[in-house]
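Presented below is the structure to which this report refers.
Readers should treat all values here as calculations from the given coordinates under stated rules, not as data from a laboratory. All values reported here derive from a predicted model rather than from experimental measurement. Positions of Cβ are backbone-derived with ideal geometry, glycine not excepted, and every protein chain shown enters the neighbour counts.
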Amino acid sequence: MQPSTPPDTLRAGRAPHGAPGHTTARGRPARRVLGLGGALLLGGVLAAACGSSSSTASSKPVTSTKASTPASSSTASTPTVEALRTSDGTVLATPTGQTLYLLTSEAGGAIKCTGSCLSIWHPLTLPSGMSAPVAGTGVAGTLGVVHRTNGEVQVTDNGYPLYTFVEDTQAGQTKGEGIHFPGGGVWYLVSASATSASASPVTGASSSSATSSAQSAPSYGGGY
C-alpha cells in the first residue's frame, strides 16, 4: 500500500514521488518548457507594444496649439466709435452706421439728458467686458467715459457724452442735427476729425432732413 501524497506537493504542482510526470518529446518536464515559452512570449508582446507605441508617436508631427482668445479680448479689439461719411461731413457713428450726437450743454461730461430725454436720445454705452472705448480708423478725438447715475458707462468724445437719435432708423441718417434741448443746449453731429471740444459739434449741417427735423420736431414730453 503506497503512502498518500502530501497536500503541499499537490499545491506546488509537482508530480508525486513515484508518479509519472508529463514530459516533452525530448523528455524534459513540460512545466519548465511552458515557463520558458511564456517568458519569451511575454517578452515578445511587450517589445511589440513598445515598438507600436513608439512608431505611433513618431508618425504624428509636433504642433503647438494656440490658446483660445477670451471673449473679452475679442470685444476689446472691436471699435466702439467709427468715422462715417455723410452729406454733413465725416462724423462719428456706431460700428453699425448709426450717427452719434452731442449736446452742447453737456461739455465736460455734465449730463443733462435724463428721464424722458433718454427715450429719444440713447446713450452710447460700453459693451459688457470692455473697460475703455476703442476708436476706429479716422476717429481723431479723444475717447473716454462718464458714469451715469444708473450705473451705465457712457462713451465720450473730447469730453462730450455721445448719443444716438431715435428717429435715425437707417445707417447714415442725421435727423437729430440742430435740435434744441428744452433744458438748454443744442444737439449736433460730432466731427470725426475734431481733436478739441470746441471743434467737435458739426454746426454747419446742410442736410434737408436735419433742418426739417430741427424745425418740426415733436416735443416727446420734453425729451428734446
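Worth a mention:
- Net charge of neighbours whose Cβ lies under 12 Å from the Cβ of residue 201, counting Lys and Arg as +1 and Asp and Glu as -1: -4
- Spin-label model distance (nm) - residue 149 vs residue 132, 7 Å beyond Cα toward Cβ: 3.0 nm
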